[in-house]
Amino acid sequence: MYMYEYQAKKVFREAGLPVPAGYLAAGPEEVRKAAAHLNRSAVVKAQVRAGGRGKAGLVRLADSPDATFQAAGDILGKVHHGEVVKMVLVEESLNIAHELYAGVILDLSKGQPVVLLSSQGGVNIEEVAEKAPEALIRLEINPLEPEIPMYRWLEAWRKVGLTGPQLIKASEISAKMLRLFFRADAFVVEINPLAVTGTGDVIAADAKLIVDDSSLYRHQEFYEYKDHSHHPLESEALQAGVSFVPLNEDGFIGIIAGGAGLSMATMDAIVEQGASPAVFIDLGGGISEAGMSESLKIMMKTPGINGIIINVFGGINNCEIMAKGIQRAWPDRIVNVPVVVKMRGHSQEEGWAILEEMGIPLIKYGTTDEAIKLLLEKVAS
Ligand code: GDP
Ligand code: MN
């Protein structure tokens, strides 16, 4: 789960990490209130998941409540890497003297977390690693000994060039950051920039937090941050015991297949033939007649569907039951686009007989490519 900055900053604050005071605002009214609360210069930041907002003009400094209101108006509704800006974070602006970098990432190839610290914050850390590797400190963390003694933090930040109170503050912050990384079951905790202000404070101007979805069951505190919105048809599919996976909004072929692997292989084969898949429904194992007929009905509710390929194998599933499920959806005349079925395996003869009697184009021994070719011919004619 990739948190928004405002969510990550809330988690940071609770973990004792210093973050600027701020308010989330979803529209002009809320922006006005936030600006009035701060009643001075502010920074307005688009709440979207992709980074690089600064460069895209989606982080704006404003020196009065009116300017704050203006800046928010400019930012709201903009699109950043495909995501519409629906919320802004209005924060007290920091007088940044210097930008540091502090992050922990899970290095999957080594199976351990790595802490990265740098005197060159504010820019992409990959760029620092490439152009100024000497400005980047790496600390490999043994997951069995997650606490790093304070002297090592001090040593690391001293190498980066910090001295005096900033050295101590940055060390304390990075120690808390690493503790948060473990406690939150995070993949990434990143503070970029970790700002050193004109008055010598050290504070997280930005916050990135990605936590492992598989651990959410033990993180009640993150539950509210999870995006529970899904495609309405996804919920319907869930009810029918199948999975609905949207692919391309401008796609026009629907895939019903047994297993996500076969679904994706079918998707690739469709793209290879120059057509665009809109969605796949994965039947999973043990599909019932009702589950199959519901899947067809859900597929027909998907906007833009011009043809359906049913690509199934009778293993755990039974071809006769699947064919009966298709048959069950027919009398309603809901399915009014070409359908091609490729089906073999358990009880194939019985299944084929049903489909043949219905006059549904059927691939018995051929390949998925042949089934798609046949379907695309029918869609085109
Ligand atoms: P990102 O570009 O999406 O990573 O967004 P950031 O939150 O990191 O903001 C981008 C840049 O805006 C930072 O590197 C800072 O240089 C600048 N910035 C953000 N907040 C403030 C602030 O309060 N005061 C000042 N002066 N600059 C800020
Ligand atoms: Mn940043």
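Under the condition of being within 27 Å of the chain's Cα centre (by Cα), at pLDDT below 90 and under 20 Å from residue 173 (Cβ atoms), the residues counted in region 123-155 number 3.
So residue 57 fits all but one of (1) within 15 Å of ligand 1 (Cβ to nearest atom); (2) outside any strand (DSSP E or B); (3) buried (at least 16 other Cβ atoms within 10 Å of the Cβ); what number is the exception? In the conditions (1) within 15 Å of ligand 1 (Cβ to nearest atom); (2) outside any strand (DSSP E or B); (3) buried (at least 16 other Cβ atoms within 10 Å of the Cβ), residue 57 misses (3) alone. Among residues of region 203-225 that are of a type in the set (D, E, K, R), those with a beta-carbon under 8 Å from a residue that is within 16 Å of ligand 2 (Cβ to nearest atom) and in a loop (DSSP other than H, G, I, E, B) at least six positions away or on a different chain give the pairs 208/3; 208/51.
Test of understanding: among 359, 325, 351, which residue is under 13 Å from residue 293 (Cα atoms) and either at pLDDT 95 or above or not β-branched (Val, Ile, Thr) (or both)? So that I can check it myself, show each step before the final result.
On the way: 359 fails: under 13 Å from residue 293 (Cα atoms); 351 fails: under 13 Å from residue 293 (Cα atoms).
Testing whether each residue is under 13 Å from residue 293 (Cα atoms) and either at pLDDT 95 or above or not β-branched (Val, Ile, Thr) (or both) leaves just 325.
Taking the residues in region 35-54 that are of a type in the set (A, V, I, L, M) and within 29 Å of residue 170 (Cβ to Cβ) as candidates, determine which candidate is nearest to ligand 1 (Cβ to nearest atom). Among them, the one singled out is 43. Pairs are defined by a Cβ separation below 8 Å, a sequence spacing of at least 6 or placement on different chains, a first member in region 46-64 that is closer than 16 Å to residue 76 by Cβ, and a second member that is outside any strand (DSSP E or B) and within 10 Å of ligand 2 (Cβ to nearest atom); the pairs so defined are 46/53; 47/5; 59/53.
How about region 190-212: which of its residues are within 13 Å of ligand 2 (Cβ to nearest atom) and over 14 Å from residue 91 (Cβ atoms)? Passing the criteria: 190, 191, 192, 194, 208, 209.
For region 108-134, what are the residues that are away from ligand 1 (no atom under 16 Å from the Cβ) and assigned to a helix (DSSP H, G or I)?
Initially, region 108-134 is screened for residues away from ligand 1 (no atom under 16 Å from the Cβ), giving 108-115, 117, 129-134.
Within region 108-134, 129, 130, 131, 133, 134 meet the criteria.
When restricted to residues that are assigned to a helix (DSSP H, G or I) and surrounded by fewer than 14 Cβ atoms within 10 Å (Cβ to Cβ), region 159-177 contains 3. Residues in region 61-91 that are among the small types (Gly, Ala, Ser) and either part of a strand (DSSP E or B) or more than 16 Å from ligand 1 (Cβ to nearest atom) (or both): 62, 73, 77.
The criterion of at least 1 residues that are in contact with a Leu (Cβ under 6 Å, 6 or more places away or on another chain) is met by the following strands (runs of 3 or more DSSP E) wholly inside region 195-297: 202-204, 243-246, 277-282.
Scanning region 198-255 for residues that are within 16 Å of ligand 1 (Cβ to nearest atom) and not hydroxyl-bearing (Ser, Thr, Tyr) yields 198, 200, 201, 202, 203, 204, 205, 206, 207, 208, 209, 210.
This table checks each residue for (1) surrounded by fewer than 19 Cβ atoms within 10 Å (Cβ to Cβ); (2) among the acidic types (Asp, Glu); (3) more than 26 Å from residue 3 (Cα to Cα).
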residue	(1), (2), (3)
77	yes, no, no
92	yes, yes, no
129	yes, no, no
150	yes, no, yes
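Of all residues in region 92-107 being assigned to a loop (DSSP other than H, G, I, E, B) and out of contact with any helix residue (DSSP H, G or I) (no Cβ under 9 Å at 6 or more places or on another chain), which is farthest from ligand 2 (Cβ to nearest atom)? Break it down stepwise before answering.
The initial filter retains those residues of region 92-107 that are assigned to a loop (DSSP other than H, G, I, E, B), namely 93-95.
Still in the list and also out of contact with any helix residue (DSSP H, G or I) (no Cβ under 9 Å at 6 or more places or on another chain): 94-95.
Working: 94: 13, 95: 17 Å.
Among those that are assigned to a loop (DSSP other than H, G, I, E, B) and out of contact with any helix residue (DSSP H, G or I) (no Cβ under 9 Å at 6 or more places or on another chain), it is 95.
Can you confirm whether residue 33 is touching a residue at least 60 places away in the same chain (Cβ under 8 Å) and farther than 26 Å from residue 121 by Cβ? So residue 33 fails the test. So, residue 208, is that one at negative phi, modelled with pLDDT under 95, touching a helix residue (DSSP H, G or I) at 6+ places or on another chain (Cβ under 7 Å) and among the basic types (Lys, Arg) or not? In short, no.
The values are calculated or read from the model by the stated rules, or taken from the named source; none is laboratory data. It should be emphasised that the depicted structure is a prediction, and the values quoted were computed from it without experimental measurement. Please note: Cβ atoms are built from the backbone with ideal geometry, for glycine as well, and neighbour counts cover all protein chains shown.
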